Structures are given as C-alpha cells and as structure tokens.
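Engineer: Here you go, one structure.
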Amino acid sequence: MNTTARILIPVLLVSVATLTTRVALANTPTIRLFPTTVVEDLRQTGNVARDMETGLQEVIGQLDQQQELYHESKCDGAEDDSGCQRLARQIGASYLEMLTIMDERLPDMEHTVNNTRLSLEKGLRNELGRKMTPWTLQETLIGSDANKTVSKSSPTLRGRSGMRLSERFNQYYQLVATSGAKGDQSLAVLASDIYLDMEETSLLIQRTRQEIARATLMEQLNQSFGIITPEMIEVVGGVKSILFGDEEGQALVAGPPPGSVEQAYRSPLEQ
Amino acid sequence: MKSNASRNPLLIVAGLIATALFIASCASTAPTCAAPQSKNLNSAISTTQSSLLEGCHAHFDRYYDDLLTIAEGDPKPENKREFSQFLVWSTDKGLLSNRQAEDYYNRFFNVKFMSLKGDYNNCSHTCPNKQKVLFDMERELSEKERGLLKVSLDNEGYYRADQLYQEVELVLEATCTACSASR
C-alpha cells in the first residue's frame, strides 16, 4: 500500500501540474487583431493594386520610350521645332492616359485600403490601447521567454520602397494568413506595421486623387502648346516608384551580431 | 571670591580642550565612504558592503556605479549573479526596499524595460506621455548595454532588448494613432 502510494502520488502530482499548465495556457487571452475581414481586405487590396499596375505598365513603358526619343532628338531647348512639338503632344497624351487610368482605379484602391485601415485601427485601439498597460504590452511583445534568441527570420517591415505595391499587399496577406502559428508578439508588430502603412497609403491616395484632377486640367491646356513640364516627369517618376518600387530607396537594416554566451542564470529579482 | 576668579579661566581652558578632543575623536570615526579600490569584483563588493554598513548607505548609487565600472574591467556572465546577490544582501540589511533592488537589477541586467511600469491603459496614460516613455526607454537601453553587454557579455540579451525597444516604438506609434483616431 505504502509503496503504491509512493509511486502513485508523484505521478498524480505531475499529471495535475501538467493539466494545470495546459489549462492555464489555454486560458491565456489571445489578442484579436486580425479578424477574417482584414485578411479578406488585404487580399482584395492586393488584387486591385495588381490590376492598376497591369493597366499602367503599358502606358508608363510608352511614356519612357517617348521621353527617350524626345531627348535623343535633342528637343530640350528646341521647343519651337514642329517635330519636337508633335513628340511633346504625344508624351502629353500618354500622360493624360496614365492619369485617367489612375483616376479610374484609385477609388477601389482607396475603398479597400480604408477598410483595412479602419479594421486594424479598431483592433489596435481596443486590444493594445485599452485592454493593455505598457507593461502587459511589453510582455506581449517579448513573448513567454524574455531571453529567447533574437529571431533572425522576423520581418523588418517598415520602409518598403523597392517593392511593387501588389507584392507588398500580397506579402501582408501571406504574413497575416499564416500568422496563426506565430505568437501574439508577431501579430502586434505586424498589425502596427500594416496599419501605419495603410495610413500613409490612404493619405497618398487622397492627395493623388486631388492632384490628378488638377494635373489633368493643366495637361489638357498644355496639349494645345505641346509643352513637357518638369512636373509631368516628376509625377511619372513618383507613380513608378510607388507602383513598381524604387531600387535606390532600399532601407538597409543592420542585423545584430550573434550572441555566443549561454545565459542560464535567472536572478530572484528578475521580473 | 578671588580663588573663584582664578579658578574660572582654568575651568574654561579645560572645557575647551575637552570639547576639542571630543570633536577630533568624532571626526576620526566618521566613514570616509571611499570608492572600492580593488579591481576584483568580489573583493570590491566586500569592501562596499563594509562601507555601506558603516554608514555610507546614502552613497548607494555611486557604489553601484563603481561596482559596474569594476565589473566592466572583467566582463563575464557570472557577474550578473554577483550583482543579484549584492542587491539581495542590500535588501536583507534594510539598505534597499525590494522594489528598489528589483529596479537596480532589472534596469541593467534584464531584457524587459522598467520604464514601461504602469497601471493604466495605453490609450489613457502611455500615449499622452509617449515621448517621455520612449526617452526613458532609450536611457534604460544604454544601462542595459552596460549591464548586459559590457558587464555580463550577454550579447543576445542586449540585442533582444534593442529589438524590443524598436518594437515598442512601432507598436506605440500605431496604437496611439488608433487611440487618437477615436476622439
């Protein structure tokens, strides 16, 4: 009887402890930052961006060729030449076509971007803003083990120039769609990153739409004179860098040198 | 009457001498609170402990800083334990409260930021003071650089703290924008 008890009691204690740990883990509140609507919005924004890119790729290619021809024909400074005027009008027409395509596609884009932004905004405000103190936020970010190895695969997300807009949303979608396996710490960073990006994109779309109306009117006027304005070249450059990425703007992020020392010690004072 | 008058100056002189001797004896026993001279952390901690018990506890901050400097001269992972034991000893002797000891330890040797201690939610308390919170975190990060990296050779710990700082900065920026959007 005594021997059986001696064997059984530790086994029972271990089982109870394991069960308690599992229940405690199961009851750990998870943060809800990505409802299914956000995932769907991200996918849709990616599709809209791809459509816009496809539509614009041809006209932007055409613009590049026309500008090259204009420069090769030494039209800079020879604006009175009739051939150069004809070239300038062709460039202006392509420019107008680009603005029209953007004007048609941007409302859809604005709609899906705003939907994503608003869903994330609500989640961030409720889950991280109102339900958490700075200390609990820190504990969420750091995860269960503060001393864990710095993840080398964790994405550094801010500053995504050099990447196509549709690829950017596609990457967001992939990250969110596969985020189930990751902890809350990655979700909080990911949600914050996407939200801030959506804020910027939303503002950019608003400004672009206002600018398109003005630029269209200006170009319609310029068409009668056959003038290429520096503003036109700048706008085309801007659109290209937003849609197709800007290689020069790649942000370099230095990785930390690998730690080599085992850290087994935990102080009783540690929090 | 005359004998009283002649005796009084003698009494005064004797009194003055006694007072001077008393003051001199006091001055010689006052603690000097000098910085530990040894370059060995263990013996520096022992010297510091003696000084603290002899009435130098008002200089605790300076002693802690001196010990960190000595430990920087011989960095190793075990230093973390030495500092922890020294702080636990300080609480046992009543020189520090538990909270103070935790603060001294965690600011230098833990990945987590003590600057993020707070009982109120982020929207109501952290966001209005975001700049100050980030400034305090930045200062604490340099303390962690000293404690984790230069004293304990805990590279991973320090780089995790650095990454945590950047994550908090990003998440607070987004959260505070979301909080202010509802107003």
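The values are calculated or read from the model by the stated rules, or taken from the named source; none is laboratory data. Computed from a predicted model, the values in this text were never measured in an experiment. Virtual Cβ from ideal backbone geometry, glycine too; neighbours counted across all protein chains shown. When the accessible area is computed, the model is the full protein with side chains, heavy atoms only, and any ligands, DNA or RNA have been set aside. Shrake-Rupley method; radii C 1.70, N 1.55, O 1.52, S 1.80 Å.
Engineer: For chain B, what is the relative contact order in percent, using Cα pairs closer than 8 Å and at least 6 residues apart in sequence?
Structural biologist: Values: 140 pairs, mean separation 34.2, N = 183.
Relative contact order for chain B comes out at 19 percent.
Engineer: Further question on the same structure: Name the residues of segment A:121-137 whose accessible area falls by at least 10 Å² when all protein chains are present instead of the chain alone, probe 1.4 Å?
Structural biologist: So the qualifying set is A:GLU121, A:LEU124, A:ARG125, A:LEU128, A:GLY129, A:ARG130, A:MET132, A:THR133, A:PRO134, A:TRP135, A:LEU137.
Engineer: Same structure, new question: List the pair-distance distribution P(r) of segment B:127-181, using every Cα-Cα distance, as the percent of pairs falling in each 5 Å bin from 0 up to the bin containing the longest distance, rounded to whole percents.
Structural biologist: With a bin width of 5 Å, the distribution comes to 5, 20, 24, 19, 13, 9, 6, 3, 1.
Engineer: When Lys and Arg each count +1 and Asp and Glu each count -1, what net charge do the other residues less than 14 Å away from A:ASP108, Cβ to Cβ, add up to?
Structural biologist: That sum, taken over residues with Cβ under 14 Å, equals -2.
Engineer: As an exercise, identify the trypsin sites (Lys or Arg not before Pro) in segment A:31-86 lying in DSSP coil whose Cβ has no more than 16 other Cβ atoms within 10 Å. Let's see the in-between values first.
Structural biologist: Working: sites: A:ARG32, A:ARG43, A:ARG50, A:LYS74, A:ARG86; in loops: A:ARG32, A:LYS74.
Passing sites in segment A:31-86 are A:ARG32, A:LYS74.
Engineer: Starting from the alpha-carbon convex hull of chain B, give the projected area averaged over all orientations, in nm².
Structural biologist: Hull-based average projected area comes out at 17.5 nm².
Engineer: If packing is taken as the average number of other Cβ atoms within 10 Å across a peptide's residues, how do B:76-89, A:191-204 rank, most packed first?
Structural biologist: A:191-204, B:76-89
Engineer: Now a separate question. For B:GLN166 and B:ALA58 in the same chain, what is the full-extension length gain: residue separation times 0.36 nm, less their Cα-Cα distance, in nm? Could you put the intermediate results ahead of the total?
Structural biologist: Working: separation 108, 0.36 × 108 = 38.88 nm, distance 3.58 nm.
Value of the extension gain: 35.3 nm.
Engineer: At a Förster distance of 56 Å, what's the computed FRET efficiency of B:VAL13 paired with B:GLN85, Cβ-Cβ distance as r, to 0.05? Write down the numbers at each step before the final one.
Structural biologist: On the way: r = 55 Å, r/R0 = 0.98.
With R0 = 56 Å, the Cβ-Cβ based efficiency is 0.55.
Engineer: Moving to a separate point now. Taking 4 °C and 1.567 mPa s as the conditions, I'd like the Stokes-Einstein D for segment B:27-69 in µm²/s, using the Kirkwood hydrodynamic radius from alpha carbon pairs.
Structural biologist: The estimated diffusion coefficient comes to 124 µm²/s.
Engineer: Let me ask another. Please work out the average accessible area per residue across chain B, using the 1.4 Å probe convention, and give it in Å².
Structural biologist: For chain B, the per-residue accessible area is 53 Å².
Engineer: A further question follows. Report P(r) for segment A:54-133: all Cα-Cα distances, bin width 5 Å, range 0 to the bin holding the largest distance, values in whole percent.
Structural biologist: Values per bin, smallest distances first: 3, 13, 15, 12, 10, 9, 7, 7, 7, 6, 5, 4, 2, 1.
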